[in-house]
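The values are calculated or read from the model by the stated rules, or taken from the named source; none is laboratory data. Worth saying up front: this structure is predicted, and the values here are computed from it rather than measured. Cβ atoms come from the backbone with ideal geometry, glycine included; neighbour counts cover every protein chain shown.
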Amino acid sequence: MSISPNLTPHLYIGWMPFDNSLPAYLSPSKLNDFTICYRKYQYGAIDRLPSKSSYPLVKGRIVHIILDKLFGLEGEARTLEAAKSFINEAKAAELTSEAKADIGFDDALDGVLNTDIDKSLHGYFRLEEPAKVNKRQAEFTMKATIAETPLYGILDRLDEEEDGSLTIVDYKTGKFPRGDYFEKRFENMEIYAALFKETHKVRPTKLRLIYVEAGQSDEKLVSGKEVDQQIGRASAAWRLINRFYTEGEFPARPSRSACRWCPYTQECIDSGVAVAI
Ligand code: SF4
């Protein structure tokens, strides 16, 4: 968004056009941003402001890369040693100079990171034997328009069970969710289930979350009613996104739970929003 030097930033928001076009697709993570705070979505998806990386994000991406590479191997080759052999490559891919600066990377943090990666891999191998997993696909992108809403998602893994049914698998590298997050833990996966059905014309049967470090998993059967509810939520959000985009303002919705973890607090403070931190 352009800034007039003659106006304080909070005065122009609301009537200046956006410089960038509306994103072509809505991903579950951007839907979450929008649900948390409309302005957070604007800063990330439309203004495309760079957001600082964080240690949990970097660690999570490294573990995802390692597991993806592990599942690129044939069954018997998917050993703990093979997983560990991908650590350096995954670290090199994620620890860019920007990411290092953002997280204050030094020898001490490198030691913490190595320990955490090791814990994650051992946690994962306590939970399942990857050599026995019948992986159909891993790390693949799906795009489709459902209920007039262009949706996009990247699936961590799709397994085929012994009876031929399909399970969508998502790796989680954070802690086991509590409170509201526990209730909402399958919401993104229900959108993935709808996307998979739309793009592959087959309905997955089960959703499975793997909490890598804890070595725990959580499963549920795909419910048409709940999938429809999530598509309804995405559709309502997409209509509102289009409206706010046309109007030129995505209202800020500060709350302690939202602002505390938001990478755009400074932008909000600069534009006169009373952030709640
Ligand atoms: S700092 Fe708070 S109000 Fe501002 S964008 Fe982030 S969540 Fe929204």
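Note on segment 256-277: residues that are of a type in the set (Gly, Ala, Ser), near the ligand (Cβ under 8 Å from one of its atoms) and assigned to a loop (DSSP other than H, G, I, E, B) total 1.
On inspection, ILE62 passes the criterion of being among the β-branched types (Val, Ile, Thr), surrounded by 17 or more Cβ atoms within 10 Å (Cβ to Cβ) and at pLDDT 95 or above. If you filter segment 231-254 down to residues that are polar (S, T, N, Q) and at pLDDT 95 or above, you find that the one that is farthest from SER27 (Cα to Cα) is ASN242. Inside segment 126-143, residues that are without any contact (Cβ under 8 Å) to a residue 60 or more places away in the chain and either surrounded by fewer than 17 Cβ atoms within 10 Å (Cβ to Cβ) or not in a strand (DSSP E or B) (or both) make up a count of 8. Among the residues of segment 21-44, those that are among the hydrophobic types (A, V, I, L, M, F, W, C), under 14 Å from TYR245 (Cβ atoms) and crowded, with 20+ Cβ neighbours inside 10 Å comprise LEU26, PHE34.
The set of residues from segment 239-255 being of a type in the set (Ser, Thr, Tyr) and either within 11 Å of the ligand (Cβ to nearest atom) or closer than 22 Å to ILE191 by Cα (or both) comprises just one member, SER255.
For ARG185, indicate whether it is in contact with a strand residue (DSSP E or B) (Cβ under 7 Å, 6 or more places away or on another chain) and modelled with pLDDT under 95. Answer is yes for this residue. The residues listed here are ALA236, ALA193; of these, the one that is away from the ligand (no atom under 16 Å from the Cβ), surrounded by fewer than 17 Cβ atoms within 10 Å (Cβ to Cβ) and not assigned by TED's automatic domain parsing to the domain that holds ILE117 is ALA236.
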